[in-house]
Amino acid sequence: MLQPIVARVIGALTGFASSFAIVIAGLRASGASEQQAASGLLILCLAQAILAMVFSWRYRMPLSFSWSTPGAAMLIASEGVTGDFSAAVGAFIVCGVLLALTGLWPALGRAMTAIPTPLASAMLAGILFPMCLAPITAAVDLPMFALPVVLVWLVLYRLAPRWAVPAAMVVTVIVVGIAAGDQWADGASLLPQFSLVLPTLDPAVIVSLGVPLYIVTMAGQNVPGFAVLTTFGYPAPPVAPILIGSGLISAAGAFVGGHVNNLAALSAAIMAGPDAHPDRDKRWVATFSGGAAYILLGLGAGAATAVVAAAPPVLITAAAGLALFGAFIAALVSAFGETQHRLAAAVTFLVVVSGVVIVGIGSAFWGLIAGGVVMAWLMGRRPSIA
């Protein structure tokens, strides 16, 4: 039983190192203070630990949970939509409620999956595009800081791909530490603590952040997560309980700054495969022990937030961009794989990348609308106006 425990502890460490900076940067871009961002990271760690331990034990399946990394990237891309974190928290709560409703009301799940894959993928690619440009920008603006990070990532991507992103994050932390000296933790609270945020329900922010966050989380995390389990020969996973549980805990966690938790996709492939344990029936132990590891990692949320706050923003965005290259490539391939829908996907992608804000609603929403209208027109159907 030692193999799955070791595998998941390593997986938790690499997963945390690969994307914690993205989460913190996303929360800060939504208007969170340093303390609120640390609180959000803490609750996200604890929530995914609880979900993984409870569901893995209950169903004896390797059910891995994580925060929504594409969702955090979307928050970074949507910076400026709101500077009021209470409004962002209101959008996070709506996203969690929508996830829970998807489990309770199958019709909502069918409506979400009815969004054409090329459009959903193009939206995700458009959200990730500015972040994937950041390593280039940082290498030009801050070559002494950014080039070591990029070079370590590139070398390990060739020699040990699984360790490329965590190693790049470690180098980023080292570079930040060297640049900030012993002042990096000044004024920061390194002890774990929650910061209560009373939500504001702003319709424009809900449409700009809450709804796209729900779509990205379902399309980019939950749907692939369910597919991974099926690929490795597991029986149909308990879809409704997972969506209801993750949705409710996300809505509750939003009150202390978390954006959303969901079924893991990338780490699920590791935990559900033979690397976790040769015996498929014992792989659930890996996700259970990984949940325990995330409780300990959550205790370091304050220190992690202080490191990110001490870094030049472009350097953190660059490190996050390296972590998202794989997701960006996969989204592009999915968006432009079907010849007949490439124009609609391109329109969606370009509108999202443009960053336009119309009547207070951000470009992720308008990209889907524009792409949907183009797709409907080219397929010979008159676009309906709601």
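Where a number appears in this text, it was derived from the coordinates with a stated rule and is not lab data. This is a predicted model, so every value here is computed, not measured. Note that each Cβ is placed from the backbone with ideal geometry, even for glycine, and that neighbours are counted across all protein chains shown.
Between residue 279 and residue 162, what is the FRET efficiency for a Förster distance of 25 Å, r being their Cβ-Cβ separation, to the nearest 0.05?
About 0.65, to the nearest 0.05.
Give, in nm to one decimal, the length gained when the segment between residue 35 and residue 58 is fully stretched (0.36 nm per residue of separation minus the Cα-Cα distance).
Here the answer is 4.8 nm.
For the stretch 148-161, just list the computed ³J(HN,Hα) in residue order, Karplus coefficients 6.51, -1.76 and 1.60, θ = phi - 60°, integers in Hz, with x standing in for Gly and Pro.
x, 5, 5, 5, 4, 4, 5, 4, 6, 4, 7, 8, 8, x
Under the rule of -39500 (n - 2.57) per DSSP H run of 4 or more residues, summed and divided by the residues of the chain, what mean residue ellipticity at 222 nm is obtained, to the nearest 500 deg cm²/dmol? Numbers along the way, then the final one.
On the way: 18 runs with 267 residues, N = 386.
Taken over the chain, the calculation gives -22500 deg cm²/dmol.
Return the single residue from 93, 22, 358 with maximal mean-square fluctuation; model: Gaussian network over the chain, springs between Cα atoms under 10 Å.
Highest fluctuation among the options: 358.
At a Förster distance of 45 Å, what's the computed FRET efficiency of residue 133 paired with residue 252, Cβ-Cβ distance as r, to 0.05? Before the final figure, lay out each step's value.
On the way: r = 35 Å, r/R0 = 0.79.
Efficiency, from the Cβ-Cβ distance: 0.80.
Set Lys and Arg Cβ to +1 and Asp and Glu Cβ to -1, take the dipole of the stretch 2-324 about its Cα centre, and tell me which of 126, 237, 31 lies farthest positive.
With unit charges placed on the Cβ atoms, the residue in question is 237.
Taking the Cα centre of the stretch 2-324 as origin and charging only Cβ (+1 Lys, Arg; -1 Asp, Glu), how large is the dipole, in debye to the nearest 20?
With Lys and Arg at +1 and Asp and Glu at -1, about 920 debye.
Under the rule that an exposed site lies in a DSSP loop and has at most 15 other Cβ atoms within 10 Å, name the longest stretch of the chain with no trypsin sites (Lys or Arg not before Pro) of that kind, not counting the sites themselves.
After excluding every exposed loop site, the longest remaining stretch is 61-380.
Just the number, please: Stokes-Einstein D of the chain in µm²/s, Kirkwood Rh from C-alpha pairs, 20 °C, 1.002 mPa s. Walk me through the numbers before you get to the answer.
Numbers: Rh = 20.8 Å.
Roughly 103 µm²/s, to the nearest whole number.
Work out, step by step, the length gained on full extension between residue 107 and residue 343: first 0.36 nm times the residue separation, then minus their alpha carbon distance; give nm to one decimal.
82.1 nm
Any idea what the relative contact order of the chain is, in percent, if you count C-alpha pairs under 8 Å spaced at least 6 apart?
So the answer I get is 36 percent.
Just to confirm a number: summing +1 for Lys and Arg and -1 for Asp and Glu over residues other than residue 91 whose beta-carbon lies under 12 angstrom from that of residue 91, what do you get? Walk me through the intermediate numbers first.
Values: positive: none; negative: 84, 202.
The answer is -2.
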